[in-house]
1. For residue 124 and residue 84, FRET efficiency with R0 = 30 Å and r from the beta-carbon atoms, rounded to 0.05?
2. Given a cut-off of under 8 Å on Cα pairs at least six residues apart, what relative contact order in percent is computed for the chain?
3. Is there a quick way to get the dipole size of the chain? I mean about its Cα centre, with the Cβ of Lys and Arg at +1 and of Asp and Glu at -1; what is the value in debye to the nearest 20?
4. Distance in nm between label sites at residue 111 and residue 35, each 7 Å beyond Cα in the beta-carbon direction?
5. Note down the net charge around residue 85, summing +1 for each Lys or Arg and -1 for each Asp or Glu among other residues with Cβ under 10 Å from its Cβ.
6. Considering only protein heavy atoms, what per residue accessible area in square angstrom results for the chain with a 1.4 angstrom probe?
7. What's the carbon and sulfur percent of segment 50-116's accessible surface, probe 1.4 angstrom, rounded to a whole number?
Amino acid sequence: MTTTRETQERLPEQDLPYNVFSKACPSRGTLEHVTGRWGALTLGALYEGSFRFNELRRRVDGVSEKMLSQTLHALERDGLVHREAQPTNPPRVDYELTPLGRGVAERLIGLIHFVEGRMDDVLAARERYDATRAPR
């Protein structure tokens with residue numbers, strides 16, 4: 001039996017053709033691309049505007065060239081990022097959000113700001129947790 005609180009906290013029932021909680025649903029892969037560490041940070045950075053690859057790599061501190069490349073390919077395939085290659089020598093490649101990517105990034109930015117704004121609470125919780133589990 002579910003309580004009123006459990007019912008209120010559940011996601012609203014919608015008649016959508018996809019269900020991310022189903023193992024075979026293709027939306028699960030996109031959610032992984034968006035919410036993975038590098039996907040979320042890349043989308044958040046691109047929310048600020050268009051970037052060249054190395055500019056983006058510097059903005060997303062700590063990401064390797066290989067991981068950023070894989071992340072951008074996945075986000076481009078999902079229709080969230082647009083890659084513009086210009087035929088110059090050397091080639092110039094710019095990355096920017098598509099309208100769909102912008103909608104996703106707006107939601108991520110809200111979550112990022114929420115987490116950043118509550119870090120004092122998180123750090124205090126970590127200290128309490130660690131203090132109760134310290135080796136004796």
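The values are calculated or read from the model by the stated rules, or taken from the named source; none is laboratory data. All figures in this text were calculated on a predicted structure; none of them were measured in a lab. Note that each Cβ is placed from the backbone with ideal geometry, even for glycine, and that neighbours are counted across all protein chains shown. Surface areas here come from the heavy atoms of the whole protein model, side chains and all, with no ligands, DNA or RNA. Shrake-Rupley method; radii C 1.70, N 1.55, O 1.52, S 1.80 Å.
1. After rounding, the FRET efficiency stands at 0.10.
2. 20 percent
3. Once rounded to the nearest 20, the dipole reads 440 debye.
4. Each label point is offset 7 Å from its Cα along the Cβ direction, giving 0.6 nm.
5. 0
6. Value for the chain: 77 Å² per residue.
7. Its accessible area is 51 percent carbon and sulfur atoms.
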